[in-house]
Amino acid sequence: MQNFYEFLQISSNADPDTIHRVYRFLAVRFHPDNPRTGDADKFIFLKQAFDVLSNPARRAEYNAACAKNPSQADPLSTSIDFMDIMEGEMNRRLAVLALLYFRRRTTPSTPEVSLMEVENRMGFPRDYLDFTTWYLRMKGYISRTDSSDFALTVEGVDYVETKSVSMPVLQNLLSNGDGNGQ
């Protein structure tokens, strides 16, 4: 299950006005009557998130439950070198592709991954991902959706599947089936 804060792309400290403003913006985008960007599943999830986060008592319960059950795995940066100039950049590209590949395989109807989720899984801020995502988009391996999330393209799938045998880092990232390489 996706985190409400992550779905809304807001901080867990967001004030009620911010929650309401983001909800209204996304409701227009995901409403099933919107012919270009409507998505009934996302709209339902958005409504659930808003119902919980806009109610102080329910939000406190949700926050407590999230604190009790931290579902986030260790960031990839704890086991893979992302900081070397050339090798680190290649490892960042492979990690992003592995994350998106896993999402595309497990939930083909909603293969998008938010930049926040990529940041969290990689273990470092988006500033380090700007060049990586630019390169992957220009090569046609990933695309940016209307909601600014990333998704793996057919070219990206082909690249991952053909290179996984010859690239140990990619093979390691894919070996667990969740892109975390652990």
Problem - the stretch 23-43, residues that are more than 19 Å from the chain's Cα centre (by Cα) and among the hydrophobic types (A, V, I, L, M, F, W, C) - result: PHE25, ALA27, VAL28, ALA40
Problem - Test: ARG105 is over 20 Å from GLY88 (Cβ atoms), touching a helix residue (DSSP H, G or I) at 6+ places or on another chain (Cβ under 7 Å), of a type in the set (Lys, Arg) and surrounded by fewer than 17 Cβ atoms within 10 Å (Cβ to Cβ) - result: no
Practice task
State yes or no: is ASP39 of a type in the set (D, E, K, R) and in contact with a Gly (Cβ under 7 Å, 6 or more places away or on another chain)?
Solution key: no
Fill in the blank from the handout: Contact list, first residue from the stretch 113-131 and part of a loop (DSSP other than H, G, I, E, B), second anywhere and among the charged types (D, E, K, R), beta-carbon distance below 6 Å, six or more apart or interchain, is SER114/ASP149
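Results for (1) part of a loop (DSSP other than H, G, I, E, B); (2) under 18 Å from the mean Cα position of the chain (by Cα); (3) not assigned by TED's automatic domain parsing to the domain that holds GLN9, shown as yes or no for each residue.
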{"site": "MET83", "(1), (2), (3)": "yes, no, yes"}
{"site": "ALA95", "(1), (2), (3)": "no, yes, yes"}
{"site": "PRO108", "(1), (2), (3)": "yes, yes, yes"}
{"site": "THR133", "(1), (2), (3)": "no, yes, yes"}
{"site": "ARG137", "(1), (2), (3)": "no, yes, yes"}
{"site": "ASP146", "(1), (2), (3)": "yes, yes, yes"}
{"site": "ALA151", "(1), (2), (3)": "no, yes, yes"}
{"site": "TYR159", "(1), (2), (3)": "no, no, yes"}
Practice task
Answer with yes or no whether LEU136 is closer than 21 Å to ASP158 by Cα and either at pLDDT 80 or above or touching a His at 6+ places or on another chain (Cβ under 6 Å) (or both).
Solution key: yes
Practice task
Could you tell me whether any residue of the stretch 74-81 is surrounded by 13 or more Cβ atoms within 10 Å (Cβ to Cβ) and farther than 30 Å from MET138 by Cβ?
Solution key: no
Practice task
Look at GLU87 and say whether it is without any contact (Cβ under 8 Å) to a residue 12 or more places away in the chain and either part of a helix (DSSP H, G or I) or within 30 Å of GLY38 (Cβ to Cβ) (or both).
Solution key: yes
Fill in the blank from the handout: The residue that is nearest to the chain's Cα centre (by Cα), considering only those in the stretch 4-16 that are modelled with pLDDT of 85 or more, part of a loop (DSSP other than H, G, I, E, B) and of a type outside the set (Gly, Ala, Ser), is ILE10
Exercise for the section: Give the residues of the stretch 134-160 that are in contact (Cβ under 8 Å) with a residue 60 or more places away in the chain and over 26 Å from LEU26 (Cα atoms), sorted by residue number. Expected result: TYR159, VAL160
Exercise for the section: Would you confirm whether any residue within the stretch 49-70 is loosely packed, with under 11 Cβ neighbours inside 10 Å, modelled with pLDDT under 80, in a helix (DSSP H, G or I) and not hydroxyl-bearing (Ser, Thr, Tyr)? Expected result: yes
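The values are calculated or read from the model by the stated rules, or taken from the named source; none is laboratory data. What you are looking at is a predicted structure, and each value in this text was computed from that prediction instead of being measured. Cβ coordinates were reconstructed from backbone atoms using ideal geometry, including for glycine residues, and neighbour counts include every protein chain displayed.
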